[in-house]
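What follows is a single structure, written as structure tokens, with notes after it.
The values are calculated or read from the model by the stated rules, or taken from the named source; none is laboratory data. For clarity, every value in this text was computed on a predicted model and none was experimentally measured. For neighbour counting, all protein chains shown are included, and Cβ atoms are generated from backbone atoms with ideal geometry for every residue, glycine included.
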């Protein structure tokens, strides 16, 4: 999101709308990835497990998502899952309509199945493919979405590679250089993102990075930027990873994003991770990036965060007085 969009975001909160919608478009996924927050018991709180929710198919799904878009008038919709490509037929109907509404759409996928070629003609559609490290580790963690299948299914498309860094990747000499060399050399890859594994409070997963590992990984990646122009990791995002918001209430991304469950009714709180995320170990790239934007000083002295916070308070007060949709 651009700096100017923070002001737009504040205005949309004031009007009872959200600048970003994140929709778990399906409960289904053929993968069983270790550490996947979407299928953890605490993800949806009292709503139950993702796999137990009712979800939609066909016209009901298309119209349900369009109804949410009309209601909240977002600048951006992030389509997640489950695995969104399970609903590729519905998306092929839905995506052109969202584009005509002027809404940018990002689809986060494992690329476990072929991406429809017609999607290349849709304006403001961004494909983000999750790659969990080098092939030996990735193929074990994310089968059946193996390297070979991904390379076949992304052929002819333009994608962003998104890698969530875990402790198993840290401390291995030239690991990230080898990863970047492989994916930067692919003509399909526009850019490469890195997030850090974000645990729940009290979790003890092997994927969790130590504070020292976080610092070492970020230092290493910063040093690789001159070699790999497709690596998108500005200093502001690194700063956001090293000094994440202390709570969801302090996170601009959490406060400007409405996260919708697969039944298109429930809300995932306090952010996309659900449950009780450990904000002190947050590795969300969007949170880090918007935190940096929030620290940007308008005209050199007014932090955009202050403008957003003030507008947010006005919006909440207005909703109490006049009622909210």
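At a glance:
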| read-out | value |
| --- | --- |
| Residue match in the stretch 188-195 (condition: over 18 Å from the mean Cα position of the chain (by Cα) and over 21 Å from residue 130 (Cβ atoms)) | no |
| Test: residue in the stretch 106-116 that is under 20 Å from the mean Cα position of the chain (by Cα), in a loop (DSSP other than H, G, I, E, B) and surrounded by fewer than 16 Cβ atoms within 10 Å (Cβ to Cβ) | no |
| So residue 196, is it closer than 23 Å to residue 108 by Cα and touching a residue at least 24 places away in the same chain (Cβ under 8 Å) | yes |
| Verdict on residue 94 being under 19 Å from residue 262 (Cβ atoms) and either touching a residue at least 60 places away in the same chain (Cβ under 8 Å) or not in a loop (DSSP other than H, G, I, E, B) (or both) | yes |
| Residues (at negative phi and in contact with a strand residue (DSSP E or B) (Cβ under 6 Å, 6 or more places away or on another chain)) located in the stretch 123-156 | 125, 126, 127, 128, 129, 130, 131 |
| Criterion (under 18 Å from the mean Cα position of the chain (by Cα), in contact (Cβ under 8 Å) with a residue 24 or more places away in the chain, closer than 26 Å to residue 281 by Cα and surrounded by fewer than 22 Cβ atoms within 10 Å (Cβ to Cβ)) met by exactly one of 160, 166 | 160 |
| The one condition in (1) farther than 24 Å from residue 115 by Cα; (2) modelled with pLDDT of 80 or more that residue 18 fails to fulfil | (2) |
| Failed item, numbered, when residue 199 is tested on (1) under 17 Å from the mean Cα position of the chain (by Cα); (2) within 26 Å of residue 126 (Cα to Cα) | (2) |
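One line per residue, one yes/no per condition, for (1) buried (at least 18 other Cβ atoms within 10 Å of the Cβ); (2) without any contact (Cβ under 8 Å) to a residue 12 or more places away in the chain:
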{"residue": "192", "(1), (2)": "yes, no"}
{"residue": "211", "(1), (2)": "no, yes"}
{"residue": "226", "(1), (2)": "no, yes"}
{"residue": "233", "(1), (2)": "yes, no"}
{"residue": "237", "(1), (2)": "yes, no"}
{"residue": "242", "(1), (2)": "no, no"}
